[in-house]
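Data block below; observations after.
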Amino acid sequence: AAVIEAGGITVIVTSNQLSAIDTDPFLQFGLRPEDFDIIVLRSKTHFRAVYEPLAAAIVIVDTPDWGTADQKRLPYRHAPAGIFPLARDAQWRGAAQDKNLMQQQAGQGDD
């Protein structure tokens with residue numbers, strides 16, 4: 001891991017993928033998140049417990065990768081129709097009913 005400072009911007013880079021679940025990446029380098037005007041994280045939701053209380057606002061940026069925040073953007077090819085998040089009016093039927101539906105669609109049901 002390293003801290004890069006250039007043009008008034010501080011960037012913390014790591015060689016291993018980490019989730020932003022605490023302020024440790026800052027503390028490891030003697031930095032405090034409270035001292036920054038803007039913090040950019042590559043994280044979907046893990047950051048919220050720690051960073052929401054520090055933030056005046058949170059802006060979600062959806063990137064065109066396999067970690068999209070909008071699940072409808074993924075190319076589902078084998079998902080049954082009417083399931084969340086693909087169908088806005090999807091209703092939770094319970095795990096047992098979902099298992100039965102999936103077995104029937106795979107030709108493994110009781111019928």
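The values are calculated or read from the model by the stated rules, or taken from the named source; none is laboratory data. Model, not experiment: these values are computed from the prediction. Cβ coordinates were reconstructed from backbone atoms using ideal geometry, including for glycine residues, and neighbour counts include every protein chain displayed. When the accessible area is computed, the model is the full protein with side chains, heavy atoms only, and any ligands, DNA or RNA have been set aside. Shrake-Rupley method; radii C 1.70, N 1.55, O 1.52, S 1.80 Å.
Remark: pairs (first residue in the stretch 33-46, within 13 Å of residue 23 (Cα to Cα); second residue aliphatic (A, V, I, L, M) and open to solvent by less than 70 Å² (accessible area, probe 1.4 Å); Cβ separation under 7 Å; 6+ apart in sequence or on different chains) = 33/39; 41/20; 46/20.
Here's the yes/no breakdown for (1) over 23 Å from the mean Cα position of the chain (by Cα); (2) open to solvent by 70 Å² or more (accessible area, probe 1.4 Å); (3) at pLDDT 65 or above; (4) under 30 Å from residue 62 (Cβ atoms):
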position	(1), (2), (3), (4)
74	no, no, yes, yes
78	no, yes, yes, yes
81	yes, yes, yes, yes
97	yes, yes, no, no
100	yes, yes, yes, no
111	yes, yes, no, no
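When you look at residue 42, is it of a type in the set (Lys, Arg), within 24 Å of residue 56 (Cα to Cα) and under 22 Å from the mean Cα position of the chain (by Cα), yes or no? Taking the combined requirement at face value, the residue satisfies it. Restricting the stretch 2-23 to residues that are out of contact with any strand residue (DSSP E or B) (no Cβ under 8 Å at 6 or more places or on another chain) and not in a loop (DSSP other than H, G, I, E, B) leaves a set whose member that is nearest to residue 44 (Cα to Cα) is 9. Screening the candidates 19, 15 for the property of being over 20 Å from residue 60 (Cβ atoms), at pLDDT below 90, out of contact with any Pro (no Cβ under 7 Å at 6 or more places or on another chain) and surrounded by fewer than 14 Cβ atoms within 10 Å (Cβ to Cβ) yields one hit, 15. Does residue 68 meet the test of being more than 16 Å from residue 23 (Cα to Cα), among the β-branched types (Val, Ile, Thr) and surrounded by 11 or more Cβ atoms within 10 Å (Cβ to Cβ)? For residue 68, the condition - more than 16 Å from residue 23 (Cα to Cα), among the β-branched types (Val, Ile, Thr) and surrounded by 11 or more Cβ atoms within 10 Å (Cβ to Cβ) - is met. Considered as a group, the residues in the stretch 50-59 that are aliphatic (A, V, I, L, M) and open to solvent by 90 Å² or more (accessible area, probe 1.4 Å) include one that is modelled with the lowest pLDDT, and that residue is 59. Here is the figure for the stretch 22-48: residues that are of a type in the set (Gly, Ala, Ser), modelled with pLDDT of 90 or more and surrounded by 10 or more Cβ atoms within 10 Å (Cβ to Cβ) total 0.
Scanning the stretch 24-51 for residues that are among the acidic types (Asp, Glu), in a loop (DSSP other than H, G, I, E, B) and in contact with a helix residue (DSSP H, G or I) (Cβ under 9 Å, 6 or more places away or on another chain) turns up nothing.
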